[in-house]
1. Could you rank the peptides 157-164, 62-69 by their average count of other C-beta atoms within 10 Å per residue, with the highest value first?
2. State whether the range 62-153 is rounded, prolate or oblate according to the following rule on the C-alpha gyration tensor (a ≥ b ≥ c being the square roots of its eigenvalues): a/c under 1.5 gives rounded; otherwise a/b larger than b/c gives prolate, and the remaining case gives oblate.
3. Between helix 2-26 and the chain, what is the angle of the helix's C-alpha long axis to the longest principal axis, kept within 0 to 90° and rounded to the nearest 10?
4. Given Cα pairs under 8 Å that are at least 6 residues apart, what percent is the relative contact order of the chain?
5. Report the antiparallel proportion of the DSSP beta bridges in the chain as a percent, rounded to a multiple of 5.
6. Please give the FRET efficiency for residue 13 paired with residue 45, using the beta carbon to beta carbon distance and R0 = 41 Å, rounded to the nearest 0.05.
7. With the radius of gyration and the Kirkwood radius both derived from the Cα set of the chain, what is their ratio Rg to Rh?
8. Ranked from highest to lowest mean number of other Cβ atoms within 10 Å per residue, what is the order of the peptides 134-141, 145-152, 87-94?
């Protein structure tokens, strides 16, 4: 009798597992897109400081056109896009502001000395709190802010193709 009950229980469990597996195969596996920040206001709720410890005037980020670029010395893709950012700031009237993301200040300063500094200044965001509130998923990311509103947002490297597609129309 115990063997018969055990077999019935095992059969019921097997039917349940096969049914669950079949249902999971029939579901579509759509991956949700990462939300873009375009159209949102740049909200600054805390004091921000540059790599030298100087307090940043909030107006410098909220007035006019500001290109915010999230970067770090440990970011390989940031190193790849860095020459292009230098070229853009040399040839166009671009106010490029860096956001140094989860990086040690001495590493960030060395990176800029070794590779050149295309930024008007870089916000020092060791904890990543400012970047998180901005919606950053990782470095590099670039935001074009016009009068306090994010009008264009790129996750990943900015190169000539991306520049022409996402940013050039505003300059």
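None of the figures in this text is laboratory data; all of them are computed from the coordinates on show. What you are looking at is a predicted structure, and each value in this text was computed from that prediction instead of being measured. Here the Cβ positions follow ideal geometry from the backbone for every residue, glycine too, while neighbour counts run over all protein chains shown.
1. Details: 157-164: 14.4, 62-69: 18.8.
Put in order of decreasing packing, that is 62-69, 157-164.
2. On the way: a/c = 1.76, a/b = 1.13, b/c = 1.56.
It comes out oblate by the Cα gyration axes.
3. Orientation of helix 2-26: about 30 degrees from the principal axis.
4. On the way: 242 pairs, mean separation 49.1, N = 171.
Value for the chain: 29 percent.
5. Working: 15 of 25 bridges.
Within the chain, antiparallel bridges account for around 60 percent of the total.
6. Numbers: r = 53 Å, r/R0 = 1.29.
Rounded to the nearest 0.05, the efficiency is 0.20.
7. My calculation puts Rg/Rh at 1.30.
8. On the way: 134-141: 20.0, 145-152: 17.1, 87-94: 13.5.
In decreasing order of mean packing, 134-141, 145-152, 87-94 become 134-141, 145-152, 87-94.
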